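Structure, as structure tokens:
The values are calculated or read from the model by the stated rules, or taken from the named source; none is laboratory data. Quick caveat: nothing in here was measured; it's all calculated off a predicted structure. Ideal geometry is used to build each Cβ from the backbone, glycine not excepted, and the neighbour counts take in all protein chains shown. Protein only, heavy atoms only, side chains kept; ligands, DNA and RNA dropped before computing areas. Shrake-Rupley method; radii C 1.70, N 1.55, O 1.52, S 1.80 Å.
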Amino acid sequence: MFQIVSIFVIIAVVYIANSWRSASGLGSVWQTISSEWQATWRDILSIGSGKLRRDPAALKQFCKRLGWFSFGLLAITGFLPVIFLGQHLSGYPLLIHMFAAPVLLVTATLYLVMSARSNELSESDWQDLSPPQKDAAASSTLQLFESPAWRKIWYWVAVILFIPAIVSIALGMYDMFGTEGQEMVLTVHGYTTLALTALAILLGAAVLRKREIVKS
Ligand code: HEM
């Protein structure tokens, strides 16, 4: 069941994200991803210089970038075996998964805490949370991921999903619940991370689209 739902959800969000891209005929996503990786790698190499310790904005940007890359690695190693083999995670994919996990845990927690205040919803945000306009230039789904007020909502949705995604797998590491309980916590981990992955694909596509429009 988890395999079928994962295939359906990931195809659906990639289709929606791609419809935003083709609508505006934009440049290559890969170029943006590789320039982001180069910036992240430069920051990793400069950790010893203390720059990130002195500059909270640089630290926040670094956590955001490294968080995205470790999340990507976790989603790829987590979902490929499930989608293509219908099997639970094991072997090298599990090894890479467990390597990327603490990186995500630290960078995502730091980033979510450092951005909590800027994602507080103000009175005007609640008023802006109107349903998407039919006649607007951007597609209705895109409006939900471009509007600053909705972006704050997705931030809190990510926080709410992140906690059970991590707590479930942490509990799954202790044999407290027996076999059925293990299956249950793994199912919670699977479905919460599927929802996080869907959100990440749509938010990522909206951010990349905006960035490329600015560039062009
Ligand atoms: C701190 C973060 C994480 C840790 C410690 C972690 C750990 C694990 C472990 C140990 C498993 C294998 C469980 C088993 O088969 O018994 C697993 C499975 C999985 N993880 Fe993660 N994971 C983390 C984050 C993520 C994230 C962010 C994603 C997706 C974006 C993800 C997606 C998956 C998927 C799809 C599976 C397979 C579930 C299944 O077979 O039903 N994980 N994870």
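Counting only protein heavy atoms and a 1.4 Å probe, tell me what percentage of region 24-129's accessible area is made up of carbon and sulfur.
68 percent
What is the magnitude of the charge dipole of the chain about its Cα centre, with +1 placed on the Cβ of each Lys and Arg, -1 on the Cβ of each Asp and Glu, and no other charges, expressed in debye to the nearest 20?
Charge dipole, the chain, about its Cα centre: 820 debye, nearest 20.
Modelled label-to-label distance, residue 30 and residue 182, 7 Å Cα→beta-carbon offset: nm?
Placing both labels 7 Å along Cα→Cβ, they lie 4.1 nm apart.
What is region 54-161 by shape, rounded, prolate or oblate, if you read a ≥ b ≥ c off the alpha carbon gyration tensor as root eigenvalues and call it rounded for a/c under 1.5, prolate for a/b larger than b/c, and oblate otherwise?
oblate
Calculate the translational D of the chain in whole µm² s⁻¹ from Stokes-Einstein, where the hydrodynamic radius comes from the Kirkwood formula applied to all Cα pairs, the temperature is 20 °C and the viscosity 1.002 mPa s.
So the translational diffusion coefficient is about 113 µm²/s.
Per residue, how much accessible surface does the chain expose to a 1.4 Å probe? Answer in Å², no decimals. Numbers along the way, then the final one.
Values: 13140 Å² over 216 residues.
The answer is 61 Å² per residue.
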